[in-house]
1. Of everything in the stretch B:125-148 that's acidic (Asp, Glu) and either touching a Ser or Thr at 6+ places or on another chain (Cβ under 8 Å) or assigned to a helix (DSSP H, G or I) (or both), which residue is farthest from B:Val161 (Cα to Cα)?
2. What number of residues within the stretch B:75-84 satisfy the criterion of being facing another protein chain (nearest Cβ under 9 Å) and buried (at least 23 other Cβ atoms within 10 Å of the Cβ)?
3. Can you go through A:Asn263, A:Asn292 and tell me which one is of a type in the set (S, T, N, Q), assigned to a strand (DSSP E or B) and assigned by TED's automatic domain parsing to the domain that holds A:Ala237?
4. Suppose we keep only residues that are in contact with a Pro (Cβ under 8 Å, 6 or more places away or on another chain) and among the hydrophobic types (A, V, I, L, M, F, W, C) within the stretch A:30-51. Which one would you say is surrounded by the fewest Cβ atoms within 10 Å (Cβ to Cβ)?
5. Here are some residues: A:Asp335, A:Asp363, A:Asp428. Which one is more than 30 Å from A:Ile166 (Cβ to Cβ), at pLDDT below 95 and out of contact with any helix residue (DSSP H, G or I) (no Cβ under 7 Å at 6 or more places or on another chain)?
6. If a residue counts only when it is under 24 Å from B:Gln78 (Cα atoms) and hydrophobic (A, V, I, L, M, F, W, C), which strands (runs of 3 or more DSSP E) contained entirely in the stretch B:167-242 have at least 1 such residues?
7. Among the numbered conditions (1) over 23 Å from the mean Cα position of the chain (by Cα); (2) over 22 Å from A:Ala419 (Cα atoms); (3) not aliphatic (A, V, I, L, M), tell me where A:Glu350 comes up short.
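The values are calculated or read from the model by the stated rules, or taken from the named source; none is laboratory data. This structure is a prediction, so every number in the text was calculated from the model and none was measured. Don't worry about glycine lacking a Cβ; one is built from the backbone with ideal geometry, like all the others, and counts go over all protein chains shown.
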Amino acid sequence: MTGESSNGRFAAGLDRLPGSAETAALRAAALEAFSATGFPTRRNEQWRYTDLAPLSSADLDFAPQPPAEELISRVAAMLDEAGFDPAAPRLVFIDGGYCETLSQTGAAAGLSIASLASCGAADVPARTHAALDGHPLATLNAALVSDGAVIAVDDGAEAPEPIELIFVAGGQSDLAAHPRIMIDLGRDAELTLVQHVLDLEAASGWFNVVTEIVQAPGSTLTLYRLQDHGKLRFHTALLRAELAEDAKLACGWFDLGGQLVRNDFDIRLEGSGAEADLYGIFLASSGQHTDNHIRMDHIAPRTKSGEAFRGIIGESGHGVFNGKVVVHRDAQHIDARQSSDNLLLADNAEIDTKPELEIYADDVKCSHGATIGEIDEEQLFYLRARGLDEDEARDLLTFAFANAVLERVELPELRERIADRVAVHLADGEAAGEHP
Amino acid sequence: MLKIENLHVSVDERKILKGLDLSVNAGEVHAIMGPNGSGKSTLAQVLAGKDNYDVTRGRVVYRGEELLEMEPEERARQGVFLAFQYPTEIPGVNNAYLLKAAVNAQRDANGEPQVDAFEFMRLIRSKMELMNISKEFLNRSVNEGFSGGEKKRNEILQMLVLEPSLAILDETDSGLDVDALKIVAAGVNSLRSKDRAMVLVTHYERLLELIVPDHVHVLSDGRIVKSGDRELARELDARGYDWVQQEAARA
């Protein structure tokens, strides 16, 4: 696709997006930057295993309408049905737009939660544009962002309970949403945030999310994301974080749905003692494609990182893991661990896993490992010898593989929810059974 | 209960069992003894339905049915239980889940309702006490990080809960200290009844001092070469296996 045609494609949407003349100019500049490269292709090493052609050629609506009352009540019913607590602090977005009716921002000392539009979208593209170089889809987000979440925790404050960000695709086909999440943690601040991504009903479309995190010294952020789209949806996301001294970031990423999913992580450990821990599960079957792409920069000494992802790849599924750890010059006493463990459930399941290390310091401890395996025959026999039929035993062992990661989720209700959804996906749409 | 006739089994073209005959009636406990490599564990695994074993000749009839035609899970549901020599570690699956799934699989096969949480706890509590297994154990992954003794006690706990008609214990005494051996033996003995048969595969006589067998068989080079009562086990303990093998060679 050439710059010209992509520009034309987005221009119609651009006119309908919110913001002042100044914002419009920033959007136009971001769009120009995106158009110079267009959608990344597989010729780009960073996109070698992920083909965006189905996305770049899709006919999408880039300026979603605000949700109608009828849609809001359907979403409300779905969330109730799914067991979400309407009284919990949460921001609900429908087709990328903030839905105040279903949200609950509450009030806690030192904590501010707001939608992006309500705090003035004007300065958003400006603040983010430069930082997103090298991420064309994030640049497009800067051009087309219409809403999102802005969360800040003051110095020394602690969010009393987890905050939920719920993104619902409302069923309108071929819609493209570009939400932006901005998280700012003050010195020694603490926050737990859970991002849910789900579809009201199966429809095609695209979510292109950018999350920007700035953590002051000593702050602690725990982030979870449960991506449970229908299997027609495209989902791309960039999470960018800057961590100052002794800041701690933990991300649990659970990708269950979607047709084509690409997660980019760009983590910068800028202050000594900073730690980032990324882990997750991704499922890919029946033509699903899921790609986790991590760049971890150890800029300061005594920084620590962990990456541990497990992929479960079924019938004609394709999983990708690419984790790159860069240890900068003079960043000594580094501890970086990477693991990519994958379970293949079908002959035509495919996984590409590539842990990479780039080290410019000498006192570092780095480890990486990748495994690709099938269901263990000895374990299978043991379960069958106890009376479990073969399919049941296979499902159980597959679940067990995921369970080791699930155990790291510290919120019991969320852990249970993810476990239920994993079981549903593994049973491929059948009713979920009990799980261990 | 169990009738094995002229059983020949190979692994990768290598002949392990070479015409084994054995008949076990309800209420009986049989011990199969023999030196390493005589085919004891192969017999146990074949009875439980492990693949990788080629049955080239012979048949096994269990309660009037062809056992070798049945899938492993079918055998388990029909009351065949193998206590593994090396119980498999299954990270991510906890003991409570496995026990419950096993009970329910059996109940399902018998057309009985599924066990509920309360009934399940009632079912297993006294059995856990007997096997000296604490409640925390239920939430641990199956056999993961267990000591040798814990693994074997866990096997016997599963057996007590499932109450099989035919229990096959494969080297259950190996790797156990005296105290653990006593616990395991108490568990096994508590299950002895006139409706139930047991086959103990073992290398050592010491288990048979605690679980006294009705019949003792010596397996050598893929066949049963001598049968007797518990005195035979004592004699084997005192004299080793050579004399039996020589006797068999002369016959």
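1. Start the filter on the stretch B:125-148 by keeping residues that are acidic (Asp, Glu), which leaves B:129, B:136, B:144.
Filter again for either touching a Ser or Thr at 6+ places or on another chain (Cβ under 8 Å) or assigned to a helix (DSSP H, G or I) (or both), leaving B:129, B:136.
On the way: B:Glu129: 12, B:Glu136: 17 Å.
Applying the filter and picking the extreme gives B:Glu136.
2. Restricting attention to the stretch B:75-84, the residues satisfying the condition of being facing another protein chain (nearest Cβ under 9 Å) are B:75-77, B:80-82, B:84.
In the following step, the residues that additionally are buried (at least 23 other Cβ atoms within 10 Å of the Cβ) were identified as B:75-76, B:80-82, B:84.
Of the residues in that region, 6 qualify.
3. Details: A:Asn292 fails: assigned by TED's automatic domain parsing to the domain that holds A:Ala237.
Being of a type in the set (S, T, N, Q), assigned to a strand (DSSP E or B) and assigned by TED's automatic domain parsing to the domain that holds A:Ala237 holds for just one of A:Asn263, A:Asn292, which is A:Asn263.
4. Of the stretch A:30-51, the ones in contact with a Pro (Cβ under 8 Å, 6 or more places away or on another chain) are A:30, A:34, A:37-40, A:46-47.
With among the hydrophobic types (A, V, I, L, M, F, W, C) added as a condition, the list becomes A:30, A:34, A:39, A:47.
Working: A:Ala30: 24, A:Phe34: 25, A:Phe39: 17, A:Trp47: 19.
So, considering only residues that are in contact with a Pro (Cβ under 8 Å, 6 or more places away or on another chain) and among the hydrophobic types (A, V, I, L, M, F, W, C), the one surrounded by the fewest Cβ atoms within 10 Å (Cβ to Cβ) is A:Phe39.
5. On the way: A:Asp335 fails: at pLDDT below 95; A:Asp428 fails: more than 30 Å from A:Ile166 (Cβ to Cβ).
Sole residue among the options that is more than 30 Å from A:Ile166 (Cβ to Cβ), at pLDDT below 95 and out of contact with any helix residue (DSSP H, G or I) (no Cβ under 7 Å at 6 or more places or on another chain): A:Asp363.
6. On the way: elements: B:197-202, B:215-220, B:223-228.
Of the strands (runs of 3 or more DSSP E) lying wholly inside the stretch B:167-242, those with at least 1 residues that are under 24 Å from B:Gln78 (Cα atoms) and hydrophobic (A, V, I, L, M, F, W, C) span B:197-202.
7. (1)
Let's see how each residue does on (1) among the aliphatic types (A, V, I, L, M); (2) assigned by TED's automatic domain parsing to the domain that holds A:Gly258; (3) within 16 Å of the chain's Cα centre (by Cα):
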| site | (1), (2), (3) |
| --- | --- |
| A:Gly171 | no, yes, no |
| A:Leu193 | yes, yes, yes |
| A:Leu200 | yes, yes, no |
| A:Thr211 | no, yes, yes |
